[in-house]
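**Student:** One structure, pasted below without further comment.
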Amino acid sequence: MCGLNRYEVLRVRSRDELTIERLEAFGADYVFFPHWSWRIPASVFERFECVIFHMTDVPFGRGGSPLQNLVIRGIENTVLTALRCSQEVDAGPVYLKLPLSTLGTAEEVFIRASFLMLPMMIRIVDERIEPYAQSGEPTFFRRRTPEQGNLQSMSSLTDLHDFIRMLDADGYPHAFLDVGVFRLRFRRSSLSPNSVKADVVFTYLNQEDQN
């Protein structure tokens, strides 16, 4: 990983590899989770200094689907927060926050966030940053489900464009409409004053059910 050449780095690519024994044998000082979709066991975050990344200015916006929940609220500027993993979701003390734009497709925002994560990790290690407790009244986001990607309720072109782009990332269930026996999935949206243009893929609804 570019920028980490002067450190010993152990890469953990699956939850099966995330074990106390493996981390202890390596002698881990920090365990960073820049892109991680599984629950971190308490046995790990209680034993090691585990750092996670969240796309809101916590304590605002704790919880799931932060990017999508920001976009549907019309929030164009947020921060990427590095915080210590804790038993309560996204409630741990904070190491660093850096500005992050939510404009563009979800894929573009995730790439933008990825470029921030490496320098944040290096600063935390090099400067031995002590995290500080969150302050203020927490607010919570609910994790969105694939079924909530339906475009049927959209009432403006801007909302339509934002809805398509916030779900436009590889591996994500993209925005959709059901028309007759077809499901239409939308990507690469562009907004102009009087229209929205997007790529669309047609599949049979029964094919979607099989997937």
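The values are calculated or read from the model by the stated rules, or taken from the named source; none is laboratory data. In this text the structure is predicted, and so the values were computed from the model without any measurement. Using ideal geometry, Cβ is built from the backbone for each residue, glycine included, and neighbour counts are taken over all protein chains shown.
**Student:** Just give me the residues in segment 111-151 being among the polar types (S, T, N, Q) and exposed (fewer than 12 other Cβ atoms within 10 Å of the Cβ), in sequence order.
**Tutor:** Scanning segment 111-151 gives Ser135, Thr145.
**Student:** If you don't mind, there's one more thing I want to ask. If we keep just the residues of segment 79-110 that are within 22 Å of Leu191 (Cβ to Cβ) and among the hydrophobic types (A, V, I, L, M, F, W, C), which is surrounded by the most Cβ atoms within 10 Å (Cβ to Cβ)?
**Tutor:** Val109
**Student:** What number of residues in segment 152-202 are in a strand (DSSP E or B) and of a type in the set (A, V, I, L, M, F, W, C)?
**Tutor:** Looking only at that region, the number is 13.
**Student:** Let me ask something else. All but one of (1) charged (D, E, K, R); (2) outside any helix (DSSP H, G or I); (3) farther than 30 Å from Arg84 by Cβ; (4) out of contact with any Phe, Trp or Tyr (no Cβ under 9 Å at 6 or more places or on another chain) hold for Arg144; state the number of the condition that does not hold.
**Tutor:** Every listed condition holds for Arg144 apart from (3).
**Student:** Any idea how many residues of segment 152-201 are among the polar types (S, T, N, Q), within 24 Å of the chain's Cα centre (by Cα) and surrounded by fewer than 19 Cβ atoms within 10 Å (Cβ to Cβ)?
**Tutor:** Residues flagged as among the polar types (S, T, N, Q), within 24 Å of the chain's Cα centre (by Cα) and surrounded by fewer than 19 Cβ atoms within 10 Å (Cβ to Cβ) within segment 152-201 amount to 2.
**Student:** Pairs, please: C-beta under 7 Å, at least 6 apart or cross-chain, first residue outside the structural domain of Arg165 (by TED's automatic domain parsing) and free of Cβ contacts under 8 Å to residues at least 12 places away in the same chain and in segment 88-111, second surrounded by 14 or more Cβ atoms within 10 Å (Cβ to Cβ) and small (Gly, Ala, Ser)?
**Tutor:** Cβ pairs passing all conditions: none.
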